[in-house]
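Report on the structure given below.
The values are calculated or read from the model by the stated rules, or taken from the named source; none is laboratory data. Keep in mind that what you see is a predicted model, and the values were worked out from it rather than measured. Positions of Cβ are generated from backbone atoms using ideal geometry, with glycine treated the same way; all protein chains shown enter the neighbour counts.
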Amino acid sequence: MMKTPAQADLINRRYFMSRTSTGLGVVGLASLLANDSTAADPNFHERNRVGGIADLPHFPARIKRVIYLFQSGGPAQMDLYDHKPKLKDRFGEEVPKSVYPDDRKTTMSNAQAKFPVASTAFEFKPYGECGTWMTEALPHLGSVADDICVIRSMYTEAINHDPAITMLQSGSQLPGRPSIGSWIGYGLGSESDNLPSFVAMSSRGTGKPGGQPLYDRLWGSGFLPSQYQGVKFRNQGDPVLDIQNPEGLDEKDRRLMLDQLRRLNRIRFDEVGDPEIESRISQYELAFKMQMSVPALLDLSNEPQHVLDLYGPQATKPGTYAYNCLIARRLAESGVRFIQMFHQGWDHHGNLPGAMRGQCKDTDQPSAALIKDLKQRGMFDDSLIIWGGEFGRTIYSQGALRPENYGRDHHPSCFSMWLAGGGIKGGTTYGTTDDYSVNVATDGVHVHDLHATVLHLLGIDHEQLTYKFQGRDYRLTDVHGNIVNDILS
């Protein structure tokens, strides 16, 4: 229904007062005034060039950007980072119900007659001067052990994939809330005026090629304006749909079309006051700029051979984890604030040892290469790299147990992640689990604590980054979250 001019004015006033710091107007104003204000303001580098909330960051940031290497499916902590050598002597023994009661088992395995201990088939060794124990299947990552902090005491409430990955992405098990990258883009804006603040990519693991499905809402903006949703770079075909102009349409024609479309959208906005119309205008403009910037970004012809070799033989193959790691570094160089890669294939209910070796081969060298590449370019100290999945795995075997073949069910009560980069104590481990890697023993880190710590490194007070929706002030950390100060340098 068409609104009256008075209604439209009311909507426009409310929208202007509550959202003016993130609207299209401030984006344009920031671009126009950037050159004049930069020289006059010595703290300009602590803020953002395009968009963001006016009073952010709340305090000096330790990092400028986040690269999140999400391992979809739930990597088994006791086969990778949580070393439990004594369990070899308990191989095949029944896991005590006092440690793992029946009510904590999923319907996928609770009907088993036995729940035998499946100690890892992998050898562990200490890596680096720090002596961090990790699986032998990660030798490249071991070479940068002194740069990473392994958190062995992560935990969550969600026991199934969809709510668990939604929790890691948005701070809630229920769909509909903004993803972490959208929150950060909303608060801090972008360092680039021709690329989005948030880019998502995906790759399929060789360990389990099917993997758990990924949904666009995982990098969605929820109830935030849609301009803050992540832009997905596809893993086959053109990375972004319609990145090339149709045959017979040149850049001048595209510009003319967008100018006319913006005029029509402004007319509609003046009539109804819908803030999503401004988001649409902003997205069309960004799409036009991306037609220029994305092809150059993805052109690897100027990458030195020694850099390509660093990431491994699949570095130039689109859709692979190695390729996405290399593109992540190029996106970071170009000013993208939040870059997230989803690597599928970690859901190992059966044949874990063989599948795990495939997943490690996919991710080991490229993950380590990303750290080394950022360091050699002077970008490591103002970047944060996160590696981890949505939960861990059970110490008991799902299905038949053999020394070289077993499976593991879902386990939310403890799992491992690692962080590296600016503000992080490299060469450290944090938190412990019990003798069976079933429960957190010391220094538990909840998902909300992880989010609070990431925002803190970006200069954001996680309790102050809020958005009013349906009468409530929402935030990424909900009503929880503590900064994990002990892992900060």
Requested in this report: Could you look through the range 444-467, keep only residues that are of a type in the set (A, V, I, L, M) and more than 24 Å from Gly52 (Cβ to Cβ), and pick out the one that is surrounded by the fewest Cβ atoms within 10 Å (Cβ to Cβ)?
Outcome: Val445
Query raised in the report: Among (1) under 31 Å from the mean Cα position of the chain (by Cα); (2) farther than 30 Å from His456 by Cβ; (3) surrounded by fewer than 17 Cβ atoms within 10 Å (Cβ to Cβ), which single condition is Phe59 missing?
Result: (2)
**Report entry** Residue check, Ser334 surrounded by fewer than 24 Cβ atoms within 10 Å (Cβ to Cβ), of a type in the set (Gly, Ala, Ser) and without any contact (Cβ under 8 Å) to a residue 24 or more places away in the chain
**Finding:** no
Query raised in the report: For Ala158, which of the numbered conditions (1) at pLDDT 95 or above; (2) small (Gly, Ala, Ser); (3) over 22 Å from Arg475 (Cβ atoms) fails to hold?
Result: (3)
Requested in this report: Considering only the range 389-454, give the strands (runs of 3 or more DSSP E) lying wholly within it that have at least 3 residues that are under 24 Å from the mean Cα position of the chain (by Cα).
Outcome: 415-421, 428-430
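The rows are residues; the columns are (1) β-branched (Val, Ile, Thr); (2) in contact (Cβ under 8 Å) with a residue 24 or more places away in the chain; (3) within 13 Å of Phe338 (Cα to Cα).
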residue: Ile184; (1), (2), (3): yes, yes, yes
residue: Ser197; (1), (2), (3): no, yes, yes
residue: Arg217; (1), (2), (3): no, yes, no
residue: Pro239; (1), (2), (3): no, yes, no
Query raised in the report: How do the pairs read when you match residues in the range 407-422 that are touching a residue at least 60 places away in the same chain (Cβ under 8 Å) and charged (D, E, K, R) with residues anywhere that are surrounded by 23 or more Cβ atoms within 10 Å (Cβ to Cβ) and in a strand (DSSP E or B), using Cβ under 6 Å and keeping only pairs 6 or more apart or on different chains?
Result: Arg408/Arg393
Query raised in the report: Before we move on, is Ser367 in contact with a Leu (Cβ under 7 Å, 6 or more places away or on another chain) and closer than 26 Å to Ser172 by Cα?
Result: no
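Table: residues versus (1) farther than 25 Å from Phe380 by Cβ; (2) surrounded by 22 or more Cβ atoms within 10 Å (Cβ to Cβ).
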{"site": "Ser413", "(1), (2)": "yes, no"}
{"site": "Gly421", "(1), (2)": "no, yes"}
{"site": "Thr432", "(1), (2)": "yes, no"}
{"site": "Val440", "(1), (2)": "yes, no"}
{"site": "Phe469", "(1), (2)": "yes, no"}
{"site": "Ile483", "(1), (2)": "no, no"}
Requested in this report: Residue by residue through the range 134-154, note down the ones that are of a type in the set (Ser, Thr, Tyr) and crowded, with 21+ Cβ neighbours inside 10 Å.
Outcome: Thr135, Ser153
Query raised in the report: Has the range 305-326 got any residue that is modelled with pLDDT under 95 and of a type in the set (Ser, Thr, Tyr)?
Result: no
Query - Verdict on Lys252 being basic (Lys, Arg), modelled with pLDDT of 95 or more and farther than 30 Å from Val454 by Cα - result: no
Report task. Identify all residues within the range 63-87 that are charged (D, E, K, R) and part of a loop (DSSP other than H, G, I, E, B); write none if there are none. Result -> Lys64, Asp82, Lys84
Query - Matching option when the condition is in contact with a Pro (Cβ under 7 Å, 6 or more places away or on another chain) and either of a type in the set (Phe, Trp, Tyr) or crowded, with 24+ Cβ neighbours inside 10 Å (or both), among Ser182, Ser170, Ser197 - result: Ser170
